[in-house]
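A quick write-up on the structure given underneath.
All of the numbers you see were taken from the coordinates with simple rules; none came from a lab. Just so we're clear, the structure is a prediction, and the values are computed from it rather than from any experiment. Positions of Cβ are backbone-derived with ideal geometry, glycine not excepted, and every protein chain shown enters the neighbour counts.
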Amino acid sequence: MKSILIPVEDHAAMGSVLTTALRLAERFGSYMEGVALGPDFAQIAAADFSLGGIVIDDRTRRELLDEAYGIFSSFMQSNAIARAQTESDKPYCGWRGDTLVTDEGVGEYGRIFDLIAIGRPASGIHQPRKATLEAALFECGRPVLIAPPQAPEKIGDCIAIAWNASPESARSVAFAMPLLLAAQDVPVMLIPGARMAGPDEMQLVTTLRRHGVPARTVPTNETTKGPGFAVLETAYSLGADLLVKGGYTQSRMRQFIFGGATSQILAEAALPVFMAH
């Protein structure tokens, strides 16, 4: 977890994204790189010549760039984060150039990072966008760290794993191994009604223990609200400060229509979620 990409734009959860990324970076002495996240002006211009009444021109691009850089720079300065590595165990930061990066660009550029930190999507204006999450999740081939609306005080002491034996769950656990090895407690639960053919949670725990991970099985809390809520309520009851879960096992359309653990967690999680697809 030595390199973290942080797409920066002015939304309500941006402070939480930056703080959540910093909490993790403090554990590994990570490099955090900010990029200015902006709309795809070429696509917008093909359909219309304005964005919400704002003329699309170089001045608009510059204003968005300056705004994003100001958010990132102010946060790093206020937390005394250096722009160059001074000690191997201390986090440091950098800023990517002078170009707005689209959601698609985040998906492409993020492939060289260990992790992409984004906000939990929400409806309404001035909120993190689902398009950014999906680009990072489906196009990077890397895990995402999804920050909740309120930043955690700590991250990585108690890491809950939501397991359903899917390839997505397996990839998420594999990507999370540096975090799991550093954790004090790793409870593993089975996602209700979502288990695929494959190893059960006890078999996963056995494998993790071989690596030195302090893993244990726990029962999933019962609830009538759905599998995602059951996972979240179990994680909260355990005092987990991070949830590791695979991406969409069902198709996104099916999750959208019928619901599912991933959709419910993305809509409701009040703790950081580590996810890969």
### Message
If amide hydrogens are placed 1.01 Å from N in the peptide plane, which non-local residues have theirs closer than 5 Å to the one on His277?
### Response
Gly247
### Whether segment 130-177 is rounded, prolate or oblate, judged on the alpha carbon gyration tensor where a/c under 1.5 counts as rounded
oblate
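Listing Lys245, Lys154 from the residue with the fewest other Cβ atoms within 10 Å to the one with the most, what is the order? If you can, show how the numbers build up before the last one.
Working: Lys245 30, Lys154 11.
Going from least to most buried by this count: Lys154, Lys245.
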### Query
Under the Kirkwood approximation applied to all pairs of distinct alpha-carbon atoms, what is the hydrodynamic radius of the chain in Å?
19.2
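Apply the a/c threshold of 1.5 to the C-alpha gyration tensor of segment 62-140 and tell me whether it is rounded, prolate or oblate.
On the way: a/c = 1.79, a/b = 1.40, b/c = 1.27.
Cα axes put segment 62-140 in the prolate bin.
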## Note on the structure
In nm, the gap between the two label points placed 7 Å beyond Cα toward Cβ at Gln184 and Asp58 is 5.5
### Message
Can you report the principal axis dimensions of segment 3-147 using only the alpha carbons, biggest first, rounded to whole angstrom?
### Response
49, 29, 26
### Query
Which value, in debye to the nearest 20, describes the size of the charge dipole of the chain about its Cα centre when Lys and Arg Cβ atoms bear +1, Asp and Glu Cβ atoms bear -1, and nothing else is charged?
740
### Message
Going Cα to Cα from Lys90, which aspartates and glutamates come in below 16 Å? Please leave out same-chain ones fewer than 8 positions away.
### Response
Glu26, Glu33
### Summary
Over segment 159-276, the quotient of the Cα radius of gyration and 2.2 N^0.38 Å is 0.96
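Calculate for the chain the 222 nm mean residue ellipticity that helices alone would give, adding -39,500 (n - 2.57) per DSSP H run of length 4 or more and normalising by residue count, nearest 500 deg cm²/dmol. Please report the intermediate quantities before stating the final value.
On the way: 11 runs with 112 residues, N = 277.
Calculated mean residue ellipticity at 222 nm is -12000 deg cm²/dmol.
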### Query
Taking amide hydrogens as modeled 1.01 Å from N in the peptide plane, which residues meet the under 5 Å criterion relative to Arg216, leaving out close sequence neighbours?
Val186, Val188
### Message
In 10 Å bins starting at zero, report the fraction of Cα pairs in segment 94-153 per bin as a rounded %.
### Response
23, 49, 27, 1
### lysines whose Cα lies under 30 Å from that of Lys130, excluding same-chain neighbours fewer than 8 positions away
Lys2, Lys154, Lys225, Lys245
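Once the Cβ-Cβ distance between His211 and Glu233 is put in as r, and R0 is 30 Å, what FRET efficiency do you end up with, to the nearest 0.05?
Given R0 = 30 Å and the Cβ-Cβ separation, E is 0.60.
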### Summary
Residue by residue through segment 158-167, the couplings from Karplus 6.51 cos²θ - 1.76 cosθ + 1.60 with θ = phi - 60°, in Hz, x for Gly and Pro, are 10, 10, 8, 10, 9, 10, 9, 6, 7, x
### Task
Relative to the longest principal axis of the C-alpha atoms of the chain, give the angle of the C-alpha long axis of helix 58-78, reported between 0 and 90° and rounded to the nearest 10°.
50
### Task
Let me have the relative contact order for the chain, percent, based on Cα pairs under 8 Å that are six or more residues apart.
20
### Query
Label points 7 Å out from Cα along the Cβ direction at Lys154 and Ala197: separation in nm?
4.3
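Can you tell me the FRET efficiency between Asp66 and Thr223 if r is taken as the Cβ-Cβ distance and R0 is 41 Å, rounded to the nearest 0.05? Walk me through the numbers on the way to the answer.
On the way: r = 46 Å, r/R0 = 1.12.
Result of the calculation: an efficiency of 0.35.
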